[in-house]
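The values are calculated or read from the model by the stated rules, or taken from the named source; none is laboratory data. Only a predicted model underlies this, so the values are computations on that prediction, with no experimental measurement involved. For neighbour counting, all protein chains shown are included, and Cβ atoms are generated from backbone atoms with ideal geometry for every residue, glycine included.
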Amino acid sequence: MKRTYFPGAERGAIGKVLGFAVAVASVLALWLLLDDDAGSGLKKQAQLKTMEVIGDAATRRLDFGDEGESTHGSAVDLIKRPVEVRQVAENIYYATGVGNIIMIVTEQGNVLFDTGLVLQVAKQMKALKAVSDAAVTHIVLSHSHADHIGGAKFWAEQDAQIIAHEQFTEEQRYLSELEPYQYGRNRTLFPWMPAWEDRPDIAMMRYGGIEPTITVGDWQTYSFTLGGVEFQVIGTPGAEGADNAVLWLPAQKILFSGDFFGPQFPQFPNVFTMRGEKIRKPMEYVKSLDLLLQLEPEIVVPSHLDPTVGASRIKADMQKIRDAVQYVHDATVAGMNSGKTVYQLMREIKLPPELDLVQNHGRVDWAVRSIWDYYAGWFHFDSTTELYPVPVSEVYADLARVAGNESLLALAQGYLNGGETVKALHVLEVALAADPANTGALRLRQQALEVQLDAAKNGLRNDYEIYWLQYRLADTAQKLGEG
Ligand SMILES: [Zn+2]
């Protein structure tokens with residue numbers, strides 16, 4: 001696995017990481033005194049206490065300084081949210097956090113929708129139990145991402161039903177199998193995460209291992225009634241994975257959307273994650289949206305941030321998301337059929353003004369590329385070399401020697417002056433392949449990245465683009481002996 005550079009490491013964050021490790025170690029010692037057969041109540045209390053200490057230590061570690069760029073709904077934004085209980089309706093509460101835990105109270109027990117991040121479960125549970133500590137009879141999980149299922153093991157009592165999409169187990173499997181790989185990528189983008197070897201590794205905190213007792217298929221509905229309230233769990237694939245499910249309360253016309261719309265509503269969805277997950281299917285998403293539009297929700301309660309109220313506004317926004325995805329899909333397909341390259345289409349396809357949506361989470365040009373890849377695979381019929389395991393970067397160092405460093409830097413400088421920043425970055429990759437520590441090339445790379453970062457912050461404000469550019473800037477600074 002590629003080890004990633006941690007930009008905070010040179011700004012006194014080492015002390016924080018050590019503090020974190022000490023807090024974890026001391027609570028682990030306490031933990032080990034209780035074996036698995038210790039009284040379950042006692043064990044559970046110890047587990048929750050452990051979670052709380054680790055969670056607090058992790059939160060203290062989060063010192064973003066001015067590096068914590070945030071847009072509405074960004075990871076930085078979410079992790080700064082305090083844990084508190086808010087009320088949606090007479091019978092509905094949610095505990096805020098990185099991921100919300102929603103609790104629907106009935107006379108025969110409570111139903112949970114999503115269970116948040118494991119590091120926050122102790123605080124969120126305490127807050128919700130203060131509202132009602134009746135038994136939780138059903139836990140509905142919107143999908144298998146860690147910020148939605150982290151608390152499930154702590155909340156699940158012996159006979160509680162766990163309801164999820166039928167693809168939930170498969171999505172958990174692949175995310176578990178690729179966890180070390182994806183952890184490295186996530187930490188590149190979210191450098192405040194502890195390093196893989198420093199992460200708290202306790203069974204209850206580990207990702208995965210949640211087995212639904214009831215599953216629902218694509219566009220299928222599972223209904224149950226509890227304390228006179230009707231609940232409908234609907235399989236809605238295509239948004240944040242193949243295993244998305246939403247919860248619908250028909251009597252109150254409230255939709256619990258999980259991540260179906262992403263971390264904010266409305267926005268252009270993340271049809272593709274640049275951090276690296278399986279491609280999501282755009283036309284399945286459109287079909288899921290068609291189904292949700294028919295419900296005519298009056299309130300949407302997402303599993304991140306706060307609810308949206310108002311049937312006409314919700315309908316208009318859902319329609320806009322639906323039409324935007326359809327538009328990008330159809331334009332990509334038309335472009336493929338007319339013989340255009342993926343890069344042409346990434347440049348050309350823009351949302352028309354009436355479908356304009358924020359792109360700080362999902363991005364139109366990346367969606368174009370992922371739709372292309374989803375339909376056509378990796379071979380683009382552009383070059384013979386695509387077929388063989390010898391990337392163009394393997395001749396960069398030789399090219400650089402032939403061209404000479406001075407000419408390459410002049411070329412890069414020219415591109416930079418002409419506003420062609422990405423071309424400048426290409427040339428600098430060639431130059432740096434021959435001489436990775438070349439100060440002139442690194443300085444130009446720094447300038448080019450700063451131009452891109454400025455453009456990103458003043459343009460689409462896409463969180464993942466910003467996080468990546470910040471990571472590369474920190475990496476360049478380190479190579480220059482700065483930072
Ligand atoms: Zn989420």
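One table, with the values for the structure above:
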read-out: Residue satisfying all of: in region 80-104; more than 16 Å from the ligand (Cβ to nearest atom) and of a type in the set (D, E, K, R); farthest from LEU226 (Cα to Cα) among these; value: GLU84
read-out: Subset of region 105-159 (residues that are within 16 Å of the ligand (Cβ to nearest atom), under 22 Å from ILE54 (Cβ atoms), out of contact with any Phe, Trp or Tyr (no Cβ under 6 Å at 6 or more places or on another chain) and not aliphatic (A, V, I, L, M)); value: ASP114, GLY116, GLN120, GLN124, HIS145, ASP147, HIS148, GLY150, GLY151
read-out: Condition met for PHE224 (in a strand (DSSP E or B) and of a type in the set (A, V, I, L, M, F, W, C)); value: yes
read-out: Pairs, first within 13 Å of ASP243 (Cβ to Cβ) in region 138-154, second part of a helix (DSSP H, G or I) and within 12 Å of the ligand (Cβ to nearest atom), C-beta under 9 Å, six or more apart; value: LEU141/HIS148; LEU141/ILE149; SER142/HIS148; SER142/ILE149; HIS143/ILE149
read-out: Filter result (over 16 Å from the mean Cα position of the chain (by Cα) and surrounded by fewer than 24 Cβ atoms within 10 Å (Cβ to Cβ)) within region 133-151; value: ASP133, ALA134, ALA135, VAL136, THR137, HIS138
read-out: Near pairs, Cβ below 9 angstrom, 6+ apart or cross-chain, from region 435-451 (of a type in the set (D, E, K, R)) to any residue that is not in a helix (DSSP H, G or I); value: ARG443/LEU480
read-out: Flag if ARG173 is more than 16 Å from the ligand (Cβ to nearest atom), closer than 30 Å to ILE234 by Cβ and without any contact (Cβ under 8 Å) to a residue 40 or more places away in the chain; value: yes
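Here is a yes/no grid of residues against (1) assigned by TED's automatic domain parsing to the domain that holds VAL88; (2) more than 16 Å from the ligand (Cβ to nearest atom); (3) part of a strand (DSSP E or B):
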residue: GLU230; (1), (2), (3): yes, yes, yes
residue: GLY238; (1), (2), (3): yes, no, no
residue: ASP243; (1), (2), (3): yes, no, no
residue: ILE279; (1), (2), (3): yes, yes, no
